[in-house]
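Q: Dropping a structure here in structure tokens format, bear with me for questions.
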Amino acid sequence: MAYDVDGVRHDEMPLTQSEFHHAVPIYETMPAWDEDITGCRSFADLPEKAQDYVRRLEELSGCRISYIGVGPGRDQTIVLHDVMA
């Protein structure tokens, strides 16, 4: 996520009220998925578009995603990297 302020890209939120008022968000859209993922228990079980979304979040953030929640239950968590082990 970045901002365009009068033709200049800012990778952080503008600090001044004037810049913020003129800021236009720069963002990326990705294809969505319609499949129900509440039964997924591994990364491979997720639809390809969901896997692509997770990988892109890792790229953009520079961080590993360790857990993916696919529902409200404790058993509805996909463990990618067990940081509790």
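Q: (1) at pLDDT below 95; (2) touching a Pro at 6+ places or on another chain (Cβ under 6 Å); (3) not acidic (Asp, Glu): which one isn't true of ILE26, the others all being true?
A: Of (1) at pLDDT below 95; (2) touching a Pro at 6+ places or on another chain (Cβ under 6 Å); (3) not acidic (Asp, Glu), only one is false for ILE26: (2).
Q: When you go through SER18, SER61 one by one, which is the residue that is within 21 Å of VAL83 (Cβ to Cβ) and polar (S, T, N, Q)?
A: SER61
Q: Which residue pairs have Cβ atoms closer than 6 Å, lie 6 or more positions apart in sequence or on different chains, and pair a first residue in the stretch 19-44 that is over 20 Å from ILE65 (Cβ atoms) with a second residue that is of a type outside the set (Val, Ile, Thr) and surrounded by fewer than 13 Cβ atoms within 10 Å (Cβ to Cβ)?
A: Pairs that qualify, where the first residue is over 20 Å from ILE65 (Cβ atoms) and the partner is of a type outside the set (Val, Ile, Thr) and surrounded by fewer than 13 Cβ atoms within 10 Å (Cβ to Cβ), are HIS22/ASP6.
Q: One residue is enough: does the stretch 52-67 have a residue meeting the conditions within 15 Å of the chain's Cα centre (by Cα), at pLDDT 90 or above, basic (Lys, Arg) and surrounded by 10 or more Cβ atoms within 10 Å (Cβ to Cβ)?
A: Yes, some residue in the stretch 52-67 is within 15 Å of the chain's Cα centre (by Cα), at pLDDT 90 or above, basic (Lys, Arg) and surrounded by 10 or more Cβ atoms within 10 Å (Cβ to Cβ).
Q: Another question, then. Between a first residue in the stretch 65-85 that is aromatic (Phe, Trp, Tyr) and a second residue that is part of a loop (DSSP other than H, G, I, E, B) and surrounded by 13 or more Cβ atoms within 10 Å (Cβ to Cβ), which pairs have beta carbons less than 7 Å apart while being 6 or more apart in sequence or on different chains?
A: TYR67/LEU80
Q: Another question about this same structure. Restrict the check to the stretch 38-50 and report whether at least one residue is over 30 Å from ALA85 (Cα atoms), surrounded by 10 or more Cβ atoms within 10 Å (Cβ to Cβ) and touching a Pro at 6+ places or on another chain (Cβ under 9 Å). Step through it out loud before you land on a result.
A: The initial filter retains those residues of the stretch 38-50 that are over 30 Å from ALA85 (Cα atoms), namely none.
Checked the stretch 38-50: no residue is over 30 Å from ALA85 (Cα atoms), surrounded by 10 or more Cβ atoms within 10 Å (Cβ to Cβ) and touching a Pro at 6+ places or on another chain (Cβ under 9 Å).
Q: Restricting the search to the stretch 24-56, which residues are farther than 20 Å from GLN76 by Cα and out of contact with any Lys or Arg (no Cβ under 9 Å at 6 or more places or on another chain)?
A: Listed by number, the residues that qualify are VAL24, PRO25, TYR27, THR29, ARG56.
Q: Let me ask something additional. Give the stretch 70-84 a look and list any residue that's loosely packed, with under 12 Cβ neighbours inside 10 Å, under 18 Å from ILE37 (Cβ atoms) and of a type outside the set (Lys, Arg), or say none.
A: Answer for the stretch 70-84, where residues must be loosely packed, with under 12 Cβ neighbours inside 10 Å, under 18 Å from ILE37 (Cβ atoms) and of a type outside the set (Lys, Arg): PRO72, GLY73, ASP75.
The values are calculated or read from the model by the stated rules, or taken from the named source; none is laboratory data. No experiment lies behind these values; they were computed from the predicted model shown. Reconstructed Cβ throughout: ideal geometry from the backbone, glycine too, with neighbour counts over all protein chains shown.
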